[in-house]
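Chemist: Supplied in structure tokens, the structure appears directly below.
Coordinate-derived values only; no laboratory data. This one's a predicted model, so the numbers in the text were calculated from it and none came from an experiment. Positions of Cβ are generated from backbone atoms using ideal geometry, with glycine treated the same way; all protein chains shown enter the neighbour counts.
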Amino acid sequence: FATLAIHAGQPHDKTTGAVIPPISLSTTFAQSGAGVPLGAFDYSRSGNPNRNAFEAAVAALEDPFLVARHRAQHPADSVAPRSAAHLGTVAGVAFASGSMATAAITHLLPHGAHVISINDTYGGTYRYFTTVAATSQGLTTSFLALGGQSDADASADAASGAESESSPTAQLRRALRDPVTGPRTRCVWIESPTNPTLRLADIAALRRVLDEEGRGWQQRYLPPVLLVVDNTFMSPYLQNPLSLGADVVLHSVTKYLNGHSDVVMGMVVPHPHLAEDGNGSGGDTLLVPSDSLLQRLRKLQNTLGGVPAPFDCWLAHRGLKTLPLRMQQHSRNALAVAEAVERHCVRRGRYISEVIYPGLPSHPQHALARRQHYRSTPADPSAAHGAGGQLGHGGMLTLRLSPARLDYTNAFLGALRHFTLAESLGGVESLAEVPAIMTHAALSEAARAAMGIDVGLIRLSCGIEGTETLVEDILHAAQTAWAQ
């Protein structure tokens, strides 16, 4: 993985031999004849060297067949090497923001389609579904608890051989069978972990429901119901949704993939089975029924025009090279902060009533996290990928202050010295925010209450600073706020 992060999508420049691809700012490219480009590009909205390189790099990291391809290429590493010929291609499609990527996916759906979304989705996604998409595309959305089932309840269901009525799989099954919205359902949208409550959705279990209900891959080019997973919080280093059954993976590149809080961008990666070449026509913009999902996304990218700038692609590609190293330290810091808060505050009943982090054994879905996040923190933080463990559960954690009052929240935030009060996440610097007032303000008060989002809920994005520095900062802020 680390080798791909550095080398994927980055051949040496053929003209100069430059090891790092140069920034190609040109908006147009010379042609040898009318309609005959000299190279692979004609106009930068349709394609750009930096954008293409970054798309290829991210796609390589989200490849669900990454291990199988490695075994096929390195038979000595595998007892039973597989042929890579049948594995399909993997490709990414970059957009000017994560929100633009969301819009592009909804444009894959027919007018008047129905979307089943996890209920505690990102506030911007909720706003897009319920306002813009509802008005301009006629989309309707059901928000269901598709995540959050505890390991204990999931085990009980498995032992009984039946789904409890409140389980995520039962809720999805009922929604697909609904006589009004079921036939119109064309997309299931989930985040895992969710923002900001860090509930997990069992991606493989939801995939099984779609297949059992006959709503899976029944067509060559476009499944009747797309299973879309927002993988922003985990990054491909910690979670591979396509290998768990997702049809499409979405990223806000702004966050962990870029990692330096200086780029706004989004990325969509469809499953290789949905990236096969269709036999449709229509040029670069006209959507036709026989287009593959990848072809549709590329045409939407070109037609909608929400493409990232070459310099942004160059920056994000540079940031991607350190993704494995950054995610290890993000995870290490978040776990250390979570353990310290649980030990010094939660268990002693002071300052903070709850810390939510999937890497803690106290998290009700810790077992699912260890299965789905295919690395968990080993004793040796330098252990290589595949060396017998996982390397973390991400850099995001959530605190519930006690009491849940705005004055106490402001006092806590004001006492922080190394966590900056700001929206966004995933950068090398640590950030803190209040979702009820900031990122999730677009939700109704009732919706926030149903998700447990109040003014006492603090979302932390742990950066890659010194671990002890961040631990001391949070404990100091909690004690200082209480003293005031």
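Chemist: Where does the charge balance sit around P183 when Lys and Arg score +1, Asp and Glu -1, over other residues with C-beta under 13 Å from its C-beta?
Modeler: Details: positive: R177, R184, R186, R215; negative: D178, E213.
Counting the neighbours of P183, the net charge comes to +2.
Chemist: At a Förster radius of 41 Å, what calculated FRET efficiency corresponds to the Cβ-Cβ distance of E165 and T480, to the nearest 0.05?
Modeler: The value I calculate is 0.35.
Chemist: Next up: Given A340, G426, L470, which one lies farthest toward the positive end of the charge dipole of segment 323-483, if we put +1 on the Cβ of every Lys and Arg and -1 on the Cβ of every Asp and Glu?
Modeler: A340
Chemist: Give me the percent relative contact order of the chain, please, defined on Cα pairs under 8 angstrom at least 6 residues apart. Walk me through the numbers on the way to the answer.
Modeler: Details: 966 pairs, mean separation 77.4, N = 484.
Computed value for the chain: 16 percent relative contact order.
Chemist: Let me ask something additional. Expressed as a fraction of 2.2 N^0.38 Å, the rule-of-thumb size for a compact globular protein of N residues, what is the C-alpha radius of gyration of segment 323-483?
Modeler: Working: Rg = 15.5 Å, N = 161, 2.2 N^0.38 = 15.2 Å.
Segment 323-483 yields a ratio of 1.02.
Chemist: Okay, moving on. Cα-Cα pairs above 44 Å in the chain: how many percent? All intermediate terms of the calculation are to be shown ahead of the outcome.
Modeler: Values: 14761 of 116886 pairs.
Within the chain, distances greater than 44 Å cover 13 percent of Cα pairs.
Chemist: So for segment 323-483, averaging the separation of alpha carbon pairs under 8 Å that are six or more residues apart and normalising by length, what relative contact order in percent results? Spell out each step's value before the answer.
Modeler: Numbers: 285 pairs, mean separation 46.2, N = 161.
It rounds to 29 percent for segment 323-483.
Chemist: Let me ask something additional. Distance between the C-alpha centers of segment 111-132 and segment 158-234? Whole Å please.
Modeler: Cα centroid to Cα centroid, the span is 15 Å.
Chemist: Return V337, V264 ranked ascending by Cβ neighbour count within 10 Å, so the fewest neighbours appear first. Numbers along the way, then the final one.
Modeler: On the way: V337 26, V264 19.
The order, fewest Cβ neighbours first, is V264, V337.
Chemist: For the ranges 320-333, 224-237, 298-311, 49-62, what's the packing order if you count other beta-carbon atoms within 10 Å of each residue, average per peptide, and put the highest first?
Modeler: Working: 320-333: 22.4, 224-237: 25.6, 298-311: 19.1, 49-62: 24.0.
In decreasing order of mean packing, 320-333, 224-237, 298-311, 49-62 become 224-237, 49-62, 320-333, 298-311.
Chemist: Something else about it: For segment 323-483, give the magnitude of the charge dipole about the Cα centre (Cβ charges: +1 Lys/Arg, -1 Asp/Glu; no others), in debye to the nearest 20. Provide the component values of the computation, followed by the final result.
Modeler: Working: 14 positive and 14 negative charges, 89 e Å.
About 420 debye.
Chemist: Also: Counting only other residues whose beta carbon sits under 14 Å from that of A415, what net charge do I get with K and R as +1, D and E as -1? Before the final figure, lay out each step's value.
Modeler: Numbers: positive: R417; negative: D407, E472, D473.
Net charge around A415: -2.
Chemist: Can I ask one more? So, by mean Cβ neighbours within 10 angstrom, what's the order for 423-436, 3-16 with the highest one leading? Show your work: numbers first, answer last.
Modeler: On the way: 423-436: 21.4, 3-16: 13.1.
Output ranking for 423-436, 3-16: 423-436, 3-16.
Chemist: Could you tell me which residue out of Q10, L61, F29 lies farthest along the dipole of the chain toward its positive end? Charges go on the beta carbon: Lys and Arg +1, Asp and Glu -1, centred on the Cα centre.
Modeler: Towards the positive end, the residue furthest out is F29.
Chemist: Among the lysines, select those whose C-alpha is under 21 Å from the C-alpha of K255, and discard any that sit fewer than 8 residues away in the same chain.
Modeler: K321
Chemist: Please name whichever of A446, V229, N195 sits farthest to the positive end of the charge dipole of the chain, dipole taken about the Cα centre and charges placed at Cβ: Lys and Arg +1, Asp and Glu -1.
Modeler: The listed residue farthest towards the positive side: V229.
Chemist: So between D178 and E468, what do we pick up on full extension, going 0.36 nm a residue minus the alpha carbon distance? Could you put the intermediate results ahead of the total?
Modeler: On the way: separation 290, 0.36 × 290 = 104.40 nm, distance 5.17 nm.
Here the segment from D178 to E468 would lengthen by 99.2 nm.
Chemist: Cα axis of helix 323-341 to longest principal axis of the chain: angle in degrees, 0 to 90, nearest 10?
Modeler: 20 degrees
Chemist: Run the dipole for the chain about the Cα centre, Lys and Arg Cβ at +1, Asp and Glu Cβ at -1, nothing else charged, and hand back the magnitude in debye, nearest 20. Show your work: numbers first, answer last.
Modeler: On the way: 37 positive and 40 negative charges, 60 e Å.
For this selection, approximately 280 debye.
Chemist: Helix 151-160: angle to the longest alpha-carbon principal axis of the chain, degrees 0 to 90, nearest 10?
Modeler: Between the helix axis and the principal axis of the chain, the angle is about 70 degrees.
Chemist: So, by mean Cβ neighbours within 10 angstrom, what's the order for 111-118, 465-472 with the highest one leading?
Modeler: Values: 111-118: 19.5, 465-472: 15.8.
By packing density, highest mean first, the sequence is 111-118, 465-472.
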